[in-house]
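Have a look at the structure below before the remarks.
The values are calculated or read from the model by the stated rules, or taken from the named source; none is laboratory data. What you see is a predicted model; the values in this text were computed from it and never measured. With ideal geometry, Cβ positions are generated from the backbone for all residues, glycine too; neighbour counts draw on all protein chains shown. What goes into the accessible areas is simple: the full protein's heavy atoms, side chains included, and nothing from ligands, DNA or RNA. Shrake-Rupley method; radii C 1.70, N 1.55, O 1.52, S 1.80 Å.
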Amino acid sequence: MPRTALISGITGQDGSYLAELLLNKGYEVHGLVRRASSLNTQRLDSIYRDPHDAGPPLVLHYCDLSDASSLGNLIRAVQPDEIYHLGAQSHVKVSFDLPEYTADVTGVGTVRMLEAIRASGARARFYQASSSEMFGSTPPPQNEGTPFHPRSPYGVSKVFAYWAAVNYREAYDVYAVNGILFNHESPRRGETFVSRKITRAVARIRAGLQDKLYLGNLEAKRDWGYAPEYVEAMWQMLQRPDPDDYVVATGECHTVREFAELAFECVGIDWRDFVEIDPRYYRASEVDVLMGDASKASRILGWQPHTCFQDLVQIMVDSDVKLLDDELSGRLVRADRGRSYMPGD
Ligand code: NAP
Ligand code: GDD
């Protein structure tokens, strides 16, 4: 029997890479998709299978983290062996504008998942997508023993969700792990996170379609890794005999300024001619430095990062340059499958 995995946030950056990884490992993969007025399944294009065709078993279900009954019904129906809970309102700046919504989806949504597991009696292993944002203003290097001091409604919600996972492990013997992941990026990164905002702008400026890139705090430092390597760590965590919490990071940090400088350098443009500061992108309270110590993940999981900062920036710039060239030349046509991805639409 193939193992069955359920992924919340399957339409996001990490969810799409994780779905690919699990399908390649022979899992039956189920994904939770929230209803949107336009298609939100683009990142799954490469692994989509028409339900009428034979192929890798990927099944999508309408469900929402704000709707406890839909979560309960889904977990009872799918009876997954592993649940990867990646769904969240994941944008830190947006969380200052939508604090209550972020607490509901990112924080309480995790409790709804855990309650659904408990109520269903399923023996599913549970992965919680915890975040380095929980460390906030605590100085680096940050590891599993570092105290939390979150600096945004998003960070506060993730701390709540982290402790919910620990509590269900201790109180109800749920196999729950926290993966405390530092920033990880890729060509599939959402367009409003700073890395992708920069690499898209580089491609557009190179093509003469944009003449300025407005950014906020250039001095913030982040520990930036490559997303496909980070989803491998998620899977490894759920394969251990006992549940535990792990930091996943590269151990190196760079400023936003360095990211921008390097990204423009990749296409031979001087970033100073195009980047301007717009205080609208400043945060009410900022996280100045994140730099993780992933020695526990290395020791116990055997996990190591392989893509360095310079290569990550190059991968993202190359991808956005190609994407734009393909769009401009008309080579990029999103195949119209004539049907929705979702059952019953
Ligand atoms: P992402 O690209 O923003 O994806 C978030 C996912 O959550 C999307 O699939 C989104 O659906 C879904 N979602 C949002 N609200 C929902 C709701 N009410 N009900 C159901 N699904 C909902 O995030 P990511 O970068 O892949 O990150 C995955 C997880 O890891 C998140 O929990 C994030 O907070 C956490 N994390 C990320 C990083 C990082 O650097 N990437 C680091 C640490 C932790 P739509 O596609 O419809 O928007
Ligand atoms: N988004 C954005 N846009 N950030 C900017 C900009 C801008 O125009 N200008 C400067 N920044 C700075 C932010 O102030 C922050 O210090 C840094 O760039 C990184 O911002 P984001 O890319 O938005 O990511 P984040 O670090 O706030 O949050 C991401 O990483 C967390 C893990 O540490 C998200 O993926 C979270 O979901 C994740 O938990």
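Residue check: Arg49 meets all listed conditions (1) touching a residue at least 60 places away in the same chain (Cβ under 8 Å); (2) among the basic types (Lys, Arg); (3) open to solvent by less than 60 Å² (accessible area, probe 1.4 Å) but one, namely (1). Being more than 12 Å from ligand 1 (Cβ to nearest atom) and modelled with pLDDT of 95 or more is true for just one of Ser69, Ser8, Ser95. Which residue is that? So the residue among Ser69, Ser8, Ser95 that is more than 12 Å from ligand 1 (Cβ to nearest atom) and modelled with pLDDT of 95 or more is Ser69. Only residues that are buried (at least 24 other Cβ atoms within 10 Å of the Cβ) and away from ligand 1 (no atom under 13 Å from the Cβ) were counted in region 125-160, giving 1. Against the definition (of a type in the set (S, T, N, Q), open to solvent by 50 Å² or more (accessible area, probe 1.4 Å) and more than 12 Å from ligand 2 (Cβ to nearest atom)), how does Asn178 come out, yes or no? So Asn178 does not fit the description; no.
Let me confirm something: among Ala220, Ala207, Ala233, which residue is open to solvent by 10 Å² or more (accessible area, probe 1.4 Å), among the small types (Gly, Ala, Ser) and in contact (Cβ under 8 Å) with a residue 24 or more places away in the chain? Write out each step before concluding.
Working: Ala220 fails: open to solvent by 10 Å² or more (accessible area, probe 1.4 Å); Ala233 fails: open to solvent by 10 Å² or more (accessible area, probe 1.4 Å).
Of Ala220, Ala207, Ala233, the one residue that is open to solvent by 10 Å² or more (accessible area, probe 1.4 Å), among the small types (Gly, Ala, Ser) and in contact (Cβ under 8 Å) with a residue 24 or more places away in the chain is Ala207.
A single member of Gln128, Gln89 is assigned to a loop (DSSP other than H, G, I, E, B) and within 15 Å of ligand 2 (Cβ to nearest atom), and it is Gln89.
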